[in-house]
Amino acid sequence: MKAIVVAAAAIVLAGCASYSGRGLAPGQSSAAEVEAVMGPAAAKRPGPDGETVLWFPRMPYGDGTYAARVGADGRLIAIEQRLTEENIARIERGRTTADQVLDLVGPPYRVDPFPRMEREIWTYKMQVFPFPKALFVQLSPDRVVREVYYMDDPEIPRLGTGHRTSFRR
């Protein structure tokens, strides 16, 4: 019985350890090995210098959105956490395009069209201590960012009389 519990714990821990691509070696691991360890990529986008970027979003409320950069030779260059406050701050109203948003923070968790407003809202969810956060990116028909909202997730009820924090870019 003890052996079964130990084996089950090892399997669970191994699954968690590979969730972010730990154990993969830049310059050695292939794109197929990346997907074998991290699961199928949610999206694949071209990168600079013949690279391919494999996207592994862990939303909602996972530990991030990982971009595995694979070189033209098919070998892993790096795995990067892209859904960060630093990258969110780089999204500018009236300047950043939909493709640039995808390159910065990856594919959204949810896409909601608002045809009467001629807008599309991309929603991203992320776990930020102490409360889950949400990023809402509003795009116009020309695929340019019109509004950016980053705030405590409004879908998660807050206990107590605290306030929600948000900023509009």
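Taking the residues in the stretch 1-36 that are at pLDDT below 95 and of a type in the set (V, I, T) as candidates, determine which candidate is nearest to T65 (Cα to Cα).
V12
Restricting attention to the stretch 123-149, report how many residues are touching a residue at least 24 places away in the same chain (Cβ under 8 Å) and in a strand (DSSP E or B).
Residues in the stretch 123-149 being touching a residue at least 24 places away in the same chain (Cβ under 8 Å) and in a strand (DSSP E or B): 13 in total.
Look at the stretch 55-98 and say how many of its residues are among the acidic types (D, E) and within 11 Å of the chain's Cα centre (by Cα).
Count: 2.
Please go through the stretch 105-132 and pick out each residue that is within 15 Å of R143 (Cα to Cα) and either outside the structural domain of D152 (by TED's automatic domain parsing) or touching a helix residue (DSSP H, G or I) at 6+ places or on another chain (Cβ under 9 Å) (or both).
P108, E120, W122
Kindly indicate which of R95, R45, R58 is out of contact with any strand residue (DSSP E or B) (no Cβ under 6 Å at 6 or more places or on another chain), modelled with pLDDT of 95 or more and basic (K, R).
R95
Going residue by residue through the stretch 103-112, is there one that turns out to be of a type in the set (S, T, Y), in contact with a Lys or Arg (Cβ under 9 Å, 6 or more places away or on another chain) and not in a loop (DSSP other than H, G, I, E, B)?
Within the stretch 103-112 (the criterion being of a type in the set (S, T, Y), in contact with a Lys or Arg (Cβ under 9 Å, 6 or more places away or on another chain) and not in a loop (DSSP other than H, G, I, E, B)), the answer is no, since none of the residues qualifies.
Can you tell which of G106, G64, G74 is at pLDDT below 95 and either out of contact with any Ser or Thr (no Cβ under 8 Å at 6 or more places or on another chain) or of a type outside the set (D, E, K, R) (or both)?
G64
Under the condition of being charged (D, E, K, R) and touching a residue at least 24 places away in the same chain (Cβ under 8 Å), which residue from the stretch 102-122 is surrounded by the fewest Cβ atoms within 10 Å (Cβ to Cβ)?
This residue is R119.
Evaluate the following for M126: is it over 15 Å from Y150 (Cα atoms) and hydrophobic (A, V, I, L, M, F, W, C)?
Here the answer is no, as M126 does not meet what is asked.
Can you find, within the stretch 143-169, the residue that is surrounded by the most Cβ atoms within 10 Å (Cβ to Cβ) among those that are over 14 Å from A89 (Cβ atoms) and at pLDDT 95 or above?
V144
The values are calculated or read from the model by the stated rules, or taken from the named source; none is laboratory data. Computed from a predicted structure; not experimentally measured. Please note: Cβ atoms are built from the backbone with ideal geometry, for glycine as well, and neighbour counts cover all protein chains shown.
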